[in-house]
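The values are calculated or read from the model by the stated rules, or taken from the named source; none is laboratory data. Source: prediction; values computed, not measured. We place every Cβ from the backbone using ideal geometry, glycine too, and count neighbours over all the protein chains shown. These accessible areas exclude ligands, DNA and RNA; they are computed on the full protein's heavy atoms, side chains included. Shrake-Rupley method; radii C 1.70, N 1.55, O 1.52, S 1.80 Å.
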Amino acid sequence: MRNKLLFIILLTSLLNAQDKVKTGNVIFIHPDGTGLSIWNAMRVLYYGPDSESNWDKLPSIGLYQSHLKNTLQVSSNAGGTIHAYGVKADYHAFGLIEGKEITSRSGKKLSIMEEAKQKGIAIGIINSGILPEPGTACFLASVNERDNYDEITKQLIESGAEIIFGGGEKYLLPDGISGIYTKSGVRKDGLNLIEMAKGKGYNIIYNREELKSLPDNTKKVLGVFSENHTFNDQTEEDQRNNNLKNYNDWAPTLDEMTEAALKFLSKHKQFFVMIEEEGTDNFQNKNNAKGALEALKRADDAIGVSLQFLKKHPNTMILTAADSDAGGMELIGLDKSYVKDKNAPEKDSNGAPYDGINGTGSEPFISKPDKTGNTFPFVISWASATDVFGDVVAKAAGLNSNLMKGKIDNTDVYKFIYATLFGKILK
């Protein structure tokens, strides 16, 4: 009897130990709307067919299943809600499901970032788009309507997050009040969230130079880097007509924001930062191949910064995942005759539109050299202008990255983050 009791005690201890892991920091990089095809195309264009991107260097791979509670069609707000709470959400969810408070996978009525904040873990959100973009905002805001930007931005400022970086100054200021970038805010509630943030102890910064020169004693930072997005999500043709680049020159890049945030947050015992490149999604939804590929290179640069951080801080998990595949991008290789001064075809034989380097009917993209020194012309073909189920691949490196393997559900992103923040593997 005594031996049987001892066996039960040992077995129970072993099972409990299997549910516990080491805790540390989490860097979650969310290149919105990116399937495997755009990662391959970005590698070919910027590194070469035989080379490695920073994303390629992340060793753990998960084949991500993106369906929602009520549909196979994905929305950014539903995806963000699922990542933030670890449970299936419906298409219109934004931190609420059918208008009701969510009980997360941990059993708390809090997002994983709110739970981290409650436990004394430093938190931050970074977005190349406007602050109320759901990929990051769903971690700190809950609303019935995705376009309720007044309430979303208010909740972000009230969250007390140590780092809040993004665009969208006009959503922080009342109608009729000008700012650094906007001639007039658009808030209808009369609140000036810039002043509110100052009252809550935030240091307000507006550009790359101010980001790089943050005082060491700064406690909380609100970075507002554009009137709207830091990029111009239009078609190539509209960009030319409006004399616009893909990204605004004055705004810091995603890797610059990431580097500054990691330096800032590493002063804390433990942190969780959520980083979103929104341009990857928006440019693909506009079928702008050049913009989408530049956006993904910026996300890959942020992964590179994070990998450098990991070398010095091994108690860190790097996790990257999209929630859908925007536009259904595919790379189409062309004959070598297209290399010099010859525009690519405008569409495939089935009618699918092609993009060259300057849009439809322009010269093709040219790859970086392969291992034998050859370069190759190619175009981008589009399946859709919306987010599709696609071929999303999640990846991880560092602490507890071994948890990601094989086929994973979108709810498992929460599970991996939770394990690393709190030391427990949830069922």
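For the stretch 183-199, a residue qualifies if it is within 13 Å of E169 (Cβ to Cβ) and open to solvent by less than 60 Å² (accessible area, probe 1.4 Å), and the qualifying residues are S184, G185, V186, R187, N192, L193, I194, A197. Residues that are more than 23 Å from the chain's Cα centre (by Cα), part of a loop (DSSP other than H, G, I, E, B) and not polar (S, T, N, Q) within the stretch 202-255 comprise L214, P215, D216, K219, L244, listed in sequence order. Do the conditions hold for E145, that is, is it open to solvent by 10 Å² or more (accessible area, probe 1.4 Å), part of a loop (DSSP other than H, G, I, E, B) and out of contact with any helix residue (DSSP H, G or I) (no Cβ under 8 Å at 6 or more places or on another chain)? For E145, the condition - open to solvent by 10 Å² or more (accessible area, probe 1.4 Å), part of a loop (DSSP other than H, G, I, E, B) and out of contact with any helix residue (DSSP H, G or I) (no Cβ under 8 Å at 6 or more places or on another chain) - is met.
Do you know which of the residues in the stretch 163-177 that are in a strand (DSSP E or B) and open to solvent by 10 Å² or more (accessible area, probe 1.4 Å) is nearest to M257 (Cα to Cα)? The qualifying residue nearest to M257 (Cα to Cα) is P174.
So is L331 open to solvent by 50 Å² or more (accessible area, probe 1.4 Å), at pLDDT 95 or above and part of a strand (DSSP E or B) or not? In short, yes. Being touching a strand residue (DSSP E or B) at 6+ places or on another chain (Cβ under 8 Å) and in a loop (DSSP other than H, G, I, E, B) is the requirement here; does S384 meet it? No: the conditions fail for S384. Checked against (1) of a type in the set (V, I, T); (2) open to solvent by less than 30 Å² (accessible area, probe 1.4 Å); (3) more than 19 Å from L421 (Cα to Cα); (4) not in a helix (DSSP H, G or I), I303 meets all criteria but (4). Scanning the stretch 283-293 for residues that are touching a Phe, Trp or Tyr at 6+ places or on another chain (Cβ under 7 Å) and assigned to a helix (DSSP H, G or I), we see that the one that is surrounded by the fewest Cβ atoms within 10 Å (Cβ to Cβ) is G291. Scanning the stretch 385-403 for residues that are open to solvent by 30 Å² or more (accessible area, probe 1.4 Å) and either within 18 Å of N287 (Cα to Cα) or β-branched (V, I, T) (or both) yields A385, T386, V388, F389, G390, D391. Test N374 against the stated conditions and say whether it is touching a residue at least 40 places away in the same chain (Cβ under 8 Å) and either within 16 Å of D323 (Cβ to Cβ) or open to solvent by 50 Å² or more (accessible area, probe 1.4 Å) (or both). Considered against the rule, which asks whether it is touching a residue at least 40 places away in the same chain (Cβ under 8 Å) and either within 16 Å of D323 (Cβ to Cβ) or open to solvent by 50 Å² or more (accessible area, probe 1.4 Å) (or both), N374 comes out as no. Quick check on the stretch 99-142: of everything there that is assigned to a strand (DSSP E or B), open to solvent by less than 60 Å² (accessible area, probe 1.4 Å) and not small (G, A, S), which residue is farthest from D387 (Cα to Cα)? Step by step, filter the stretch 99-142, then rank; the result is I123. Looking across the stretch 404-427, the residues that are open to solvent by 20 Å² or more (accessible area, probe 1.4 Å) and either among the acidic types (D, E) or part of a helix (DSSP H, G or I) (or both) come down to D409, D412, K415, Y418, F422. Checked against the criterion of being buried (at least 23 other Cβ atoms within 10 Å of the Cβ) and without any contact (Cβ under 8 Å) to a residue 60 or more places away in the chain, the stretch 85-93 contains one or more residues that satisfy it.
Here is a yes/no grid of residues against (1) open to solvent by less than 10 Å² (accessible area, probe 1.4 Å); (2) in a strand (DSSP E or B); (3) charged (D, E, K, R):
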| site | (1), (2), (3) |
| --- | --- |
| S37 | no, no, no |
| V44 | no, no, no |
| D50 | no, no, yes |
| N70 | no, no, no |
| V74 | yes, no, no |
| T81 | yes, no, no |
